[in-house]
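Okay, so here's the structure we're looking at.
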Amino acid sequence: MRTLIVGGGIAGLAAAVALHQAGQKTCVLERYDRTADDVGAWLQIASNGMMALDAIGLRAVADGIGIPTTRLETFAPDGSTTADTPLGQRAGHGPAGRSVRRSDLYRVLREEVERIGIEVIRGAQVASTEQIGPLVRVDTRSGASYTAELVVGADGIGSAVRASLKHEKAQPTRAVPDLVGVGGFAAAGAIPPHFDTPAGSLHFRFGRDCFVGSVGMGDGTTWWFANPRLSALPGGASSAAGMSSAEWSKSLVTLAARDVLPIRHLVEGTPQLDVWASAGRRNSVWWGAGSVALIGDAAHASPPTSGQGASLALEDAVILGDIIRTGGSPRDVVPELARRRTRRVTKIAHQGVALDRAKLLGPFGSFVRDHVILPVADRRAFRTGTSPAAWMYDFTIASTRHRGALADNLSAR
């Protein structure tokens, strides 16, 4: 069976490896004409993502990038600690999650794809897909056409494959984003000791107008990101879209000034700021139609705060390979993905939405978060030795094979 994967990012490359291991002849269409070895900031590969990498034989290589991240500590606006809990699998019960540069994870997957000889066609921007009997035709904007028995759309939030299946036009980016992230890599010694993030510990600092996440690295550098309250900007939320990195630097310092946050030190210690925005582009869970399947953000983009985007994409790739390996036909893939994946990815997406809302609450909500919810989570974690939402960090192929049919066979609609 010939399989065509649209998208050469994390989801697409992982799927290529998994399908190759399942005995499939696979080709990847990538819209950009170069590799992404230098693209992106940093992300979490959660414990479940490491389990997925293990399933395709890449955990040992992934253990060589980034740093194990096994603790989560949270802080109130006044700097007091509100919780200090394990992060991911309990020690000895599974792999630790890791904080990695996106480019490093991409490189691990790209090098494996090259090693096993999978063809990657670059500069192929997909315009449309069409089911023609047992085959799917994929047309690109350059006029080239490709056919395969199975097409996998792994082309991200603005998926051209998804839009083609649903007969949708590309949605214009909204002028006012819902969420802006600003961050980067602060040099060693950039932040004073009272703000220090120990190596392998993830810190979440809640301010009144700015949220800051950071992780300490073994070389003393601090990887970080901040989410400002856009309505608190001097020009209001509508000014966010056109702001430069220099303007964000000044604005973040101003927004953080009344709270105990390390923003000024982080900004001053970061040679180059990354700025990214989300404008309501969260795909509802939908796995495709016919012999065209969707995975990763193309199927179910979740809030970045969930820390699960890359890990869920890796899980999707592994399950896709398992469906084919265990005898699934091209038309089985979409309903099987729905049966085995929808409940989990939906639950994790809801978790991410709740975390997003907790970042920048009003006075009453912040009080409840800092004096009730997080301290209760801290005490429970101390008592049980497990992280909050421990279910999220567990993943095995076998656990997904025998789930009953769900009302979420939404993908077949």
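The values are calculated or read from the model by the stated rules, or taken from the named source; none is laboratory data. Owing to the predicted nature of the structure, the values given are computational and were not obtained by experimental measurement. Cβ placement follows ideal geometry from the backbone for every residue including glycine, while neighbour counts extend to all protein chains displayed. Heads up: the accessible areas ignore ligands, DNA and RNA and are worked out on the full protein's heavy atoms, side chains in. Shrake-Rupley method; radii C 1.70, N 1.55, O 1.52, S 1.80 Å.
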Using a Gaussian network model of the chain with C-alpha springs under 10 Å, which one of VAL333, VAL353, VAL212 is most mobile by mean-square fluctuation? VAL353
GNM top mover of ALA188, ALA148, ALA199 - the chain, alpha-carbon springs below 10 Å: ALA188
Among ALA96, ALA398, ALA36, residue whose mean-square fluctuation peaks in a GNM of the chain (springs only between Cα atoms under 10 Å): ALA398
Angle in degrees between helix 102-115 and the longest Cα principal axis of the chain, rounded to the nearest 10: 20
Report, in degrees rounded to the nearest 10, the 0 to 90 angle that the Cα long axis of helix 245-256 makes with the longest principal axis of the chain. 50
Which trypsin sites (Lys or Arg not before Pro) in the range 317-352 sit in a loop by DSSP (not H, G, I, E or B) and have at most 11 other Cβ atoms within 10 Å of their own Cβ? none
Kindly express, to the nearest 10 degrees and within the range 0 to 90, the angle between helix 374-384's C-alpha long axis and the longest C-alpha principal axis of the chain. 70
Can you give me the C-alpha center-to-center distance between the range 273-342 and the range 122-153, rounded to a whole angstrom? 19
With every atom except the alpha carbons ignored, what do you get for Rg and Dmax of the range 75-118, in angstroms? 17.8, 54
Solvent-accessible surface ranking, highest first, for ASP322, ASP356 at 1.4 angstrom: ASP356, ASP322
Would you mind telling me the antiparallel percentage of the DSSP bridges in the chain, rounded to 5? 65
Run the Debye formula on the Cα coordinates of the range 338-390, all scatterers equal and no solvent, and tell me log10 I(q)/I(0) at q = 0.26 1/Å. -1.01
Stokes-Einstein, Kirkwood over Cα pairs, the chain, 25 °C, 0.890 mPa s; D in µm²/s equals 111
Based only on the alpha carbon positions, what is the Kirkwood hydrodynamic radius of the range 242-367, in angstrom? 17.5
Here the equivalent ellipsoid of the range 208-253, derived from its Cα gyration tensor, has semi-axes (largest first, whole Å) of 25, 12, 7
Ordering HIS265, HIS167, HIS350, HIS20 by how much accessible area each has at a 1.4 Å probe, largest first, what is the list? HIS167, HIS350, HIS20, HIS265
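Normalised by the empirical 2.2 N^0.38 Å for globular proteins, what value does the Cα Rg of the range 220-282 take?
It is 1.14.
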What FRET efficiency, computed as 1/(1 + (r/R0)^6) with R0 = 41 Å and r the Cβ-Cβ distance, is obtained for ASP139 and VAL353, rounded to the nearest 0.05? 0.70
The correct ranking of TYR32, TYR393 by accessible area at 1.4 Å, largest first, is TYR32, TYR393
Ratio to report: Rg/Rh of the range 128-222, with Cα atoms as the point set and Rh obtained by the Kirkwood method; give two decimals. 1.25
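Tell me what the chain gives for mean residue ellipticity at 222 nm when only DSSP H runs of n ≥ 4 count, each as -39,500 (n - 2.57), the sum divided by the residue total, rounded to 500 deg cm²/dmol. List each step's numbers first, then the result.
Working: 13 runs with 132 residues, N = 413.
That comes out to -9500 deg cm²/dmol.
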Using only the C-alpha atoms of the range 1-40, find the volume of their convex hull and express it per residue in Å³. 64
Relative contact order for the chain: what is it in percent, counting Cα pairs under 8 Å that are at least 6 residues apart? 23
What accessible area, in Å² to the nearest ten, does a 1.4 Å probe give for MET392? 10
Counting other C-beta atoms within 10 Å, and keeping those with at most 14, which DSSP coil trypsin sites (Lys or Arg not before Pro) do you find in the range 192-288? ARG258
With every atom except the alpha carbons ignored, what do you get for Rg and Dmax of the range 12-115, in angstroms? 16.6, 57
Considering amide H positions built from the backbone, and no H for Pro or chain starts, which residues 5 or more places from GLN125, or on another chain, come under 5 Å of its amide H? ARG141, SER142
